[in-house]
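Data first, discussion second: the structure below is written as structure tokens.
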Amino acid sequence: MAQALEANGAKVYIIGRRKDKLDEAAATALYGNIFPLQCDVTTKSSLQSVATHIAAVTGYVNLVIANSGIQGPNYNELLPDKDRKIHNRQEVHRALWGPSMEQLAEGYKVNVIGVYYTAIAF
């Protein structure tokens, strides 16, 4: 998405936690208009800092694509069968009951709450 927007004349600011991945993405810019900014979408102060920076540099934002996300628990690994087939209701229950509440909460925090606050920050 960033490449397509930039190729069509947009200045694109990409945010994320991993600077190395952001820099890799920015290096693909055709016109040098993909700008990486390190940010943790699960921290309101981090989002506010980035939003303030972008507003100071550009004065406006035309489009926000709130596309942060992490993979949740791998339920396939929790299934007992090596072919990862579910044979009965008990196996479904065991697989779905397997992840800790913390594992599910972390995914929810990034994939839902982080997206929510990203949209509001801009």
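Miscellaneous remarks
- Extension gain, V57-F122: 0.36 nm per intervening residue step, less the Cα-Cα distance, totals 22.1 nm.
- Other residues lying with their Cβ under 14 Å from the Cβ of K109 contribute a combined charge of -1, Lys and Arg counting +1, Asp and Glu -1.
- Options I15, Y117, N88, ranked by Cα towards positive dipole end of the chain, top entry (Cβ charges): N88
- In summary, the chain shows an alpha-carbon radius of gyration equal to 1.39 times the 2.2 N^0.38 Å reference for compact globular proteins.
- Computed from the Cβ-Cβ distance with R0 of 25 Å, the FRET efficiency linking S49 to T28 stands at 0.50.
- In order along segment 9-15, phi translates into HN-Hα couplings of x, 7, 8, 10, 9, 10, 10 Hz, rounded to whole numbers, per the Karplus curve 6.51 cos²θ - 1.76 cosθ + 1.60 with θ = phi - 60° and x for Gly and Pro.
Each value in this text was obtained by applying a stated rule to the coordinates, not by laboratory testing. This is a predicted model, so every value here is computed, not measured. Note that we place each Cβ from the backbone using ideal geometry, even for glycine, and neighbour counts take in every protein chain shown.
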